[in-house]
Amino acid sequence: MAELTPHERARLDELRRTHPVLTELGARFTEAGHEIALVGGPVRDALLGRAVTDLDFTTSATPDEIEQAVKGWADATWDVGRAFGTIALRKGSETLEITTYRADEYDPDSRKPVVAFGTNLNDDLARRDFTVNAMAVRLPGLEFVDVHGGIDDLADRTIRTPIGPAISFGDDPLRMMRAARFVGQLGFITAPDVAVAMAEMADRIEIVSAERVRDELNKLLLSDHPVDGLRVLVDTGLAERVLPELPALQLERDEHHRHKDVYEHSLTVLEQAIDLEHRLDERPDLTIRLAALLHDIGKPRTRRFQDDGTVTFHHHDVVGAKLVRKRMRALRYSNDIIDDVAMLVELHLRFHGYGTGEWTDSAVRRYVRDAGDQLERLHILTRADSTTRNQRKALRLQRTYDDLETRISQLAAQEELQSIRPDLDGNRIMEVLDIGPGREVGEAYRFLLDLRMERGPLPEEQAIEALRSWWAAR
């Protein structure tokens, strides 16, 4: 068994002090004649000095025996997956999951295991994804168990598998995505044999459901350093299977900075968007991170070579928005987040029509209205999209966008920009024009909306006069 340093031992002692359920639960299982150990992520995070929120346990007890052992002690229990040996419970403010020792086998054509309960802790640890997640602490005595060298890999910041990576990833291909996620989440690197296995077995990810791939991708994107994990996906070929639009960007060149490919630019935009997330109420923010990463994916489809040697990507914003919808639907994202990300991608170039501030008030109103409740994210994306190394140009873009935001604030103080409506509603339109419901009401509504955009709010009398004039001339 591995030895802990005094500092690491102190962290486990602190974990027991801050989570007294560990001692109580360990005592109950021991008295009932069962083994129980804290395992996986909580042990890893405690040794890293990270906050521990979820508590996962493994035990020799069967699900029925687990329920019996916590009866009268737990505030509530529920069946998370009895067939998989897992019972969850709540004790005070703590939520715990307890799973019977596992010794699963896998069908080579599916990532779903043939569930088999194990008989000892070591067998259970051998079936886990990575060595840093295959460490355990026996309760109640706090005995540290590490038969696969996880503590050394933790010190080396290395992702390694308890058994051969080809076997591990063959058993469960989603572990390859998880390896990339831990690179972004923990700041680790993949061991050489792990990286080789991921590259050789990348096509195995195709047997994993889109929903599970999406969930791992989300966890990666919401990590502290998602760019590092995304590079792992691209370098190993996994991205070709789950997000092919990303590696495709390596083939392109930016039309303004031909020395810099669009792939690197997109990763930089993602990092810069993350730096600006403090402007949002909640962070990390999945919507802005997806939009930043995918904002230029329309460029490969729209690349055109000009006679003078320059490259253009006209309408890559519109094409990119369509590609975003297609990819996000394939990954089973909800319609709401698909709509938001696609809209941000479609609008990300709009600001460049602002020039040095030539937009009319009506153009500013349209910008705000089109962005809707994504306006703050659009501010972030547009600012993050400036990756020029020319300091003078960067400052000019920053000042110009500062000016646009100031104008938006000034107009917003006068009007409810994000909820702009015509000065007359549908019922009033029908009353003024003496018409019933139908296509003409919609046309009149759009006319009044355009008028509102151009001239701002009007008194009702002026709006009625304009409507009647338009009606008479149509």
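The values are calculated or read from the model by the stated rules, or taken from the named source; none is laboratory data. All figures in this text were calculated on a predicted structure; none of them were measured in a lab. We place every Cβ from the backbone using ideal geometry, glycine too, and count neighbours over all the protein chains shown. What goes into the accessible areas is simple: the full protein's heavy atoms, side chains included, and nothing from ligands, DNA or RNA. Shrake-Rupley method; radii C 1.70, N 1.55, O 1.52, S 1.80 Å.
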Dipole moment magnitude, nearest 20 debye, the chain about Cα centre, only Lys, Arg, Asp, Glu C-beta charged: 1000 debye
Exposed-site-free run, longest, the chain (rule: GluC sites (Glu not before Pro); DSSP loop; at most 11 other C-beta within 10 Å): 4-281
Accessible area of the range 153-246 belonging to carbon and sulfur atoms, whole % at 1.4 Å probe: 47 percent
Sequence-distant residues sharing a close amide H with Thr190 (under 5 Å, placed H): Ile159
Accessible-area ranking of Ser93, Ser469, largest first, probe 1.4 Å: Ser93, Ser469
Sorted largest first, extent of the range 180-245 alpha carbons per principal axis (Å): 28, 27, 19
Whole-percent pair-distance distribution, where bins are 10 Å wide, for the alpha carbons of the range 291-390: 15, 41, 33, 10, 1
Span from the the range 146-201 Cα centroid across to the the range 279-354 one, whole angstrom: 32 Å
Rg(Cα) / (2.2 N^0.38 Å) computed for the range 431-473, rounded to two decimals: 1.11
The range 1-158: C-alpha gyration tensor shape, a/c 1.5 cut-off, then a/b vs b/c: oblate
Cα centre as origin, Lys/Arg/Asp/Glu Cβ charges: the range 77-228 dipole, Debye: 440 debye
Relative contact order of the range 131-193, defined on C-alpha pairs under 8 angstrom at six or more residues apart (%): 29 percent
Computed accessible area, Ile189, all protein chains, 1.4 angstrom probe, square angstrom: 110 Å²
Relative contact order (%) - the chain, alpha-carbon pairs under 8 angstrom, separation at least six: 8 percent
The range 198-245 - accessible surface per residue (Å², probe 1.4 Å): 42 Å²
Neighbour net charge for Asp129 - beta-carbon separation under 11 angstrom, K R +1, D E -1: +4
Exposure ranking of Met453, Met430 by accessible area [1.4 Å probe, largest first]: Met430, Met453
Average silhouette area of the range 94-219, convex hull of alpha-carbon atoms, in square nanometres: 8.6 nm²
Cα-based helix-to-principal-axis angle, 375-384 vs the chain, degrees rounded to 10: 80 degrees
DSSP bridge orientation in the chain - percent antiparallel, rounded to nearest 5: 80 percent
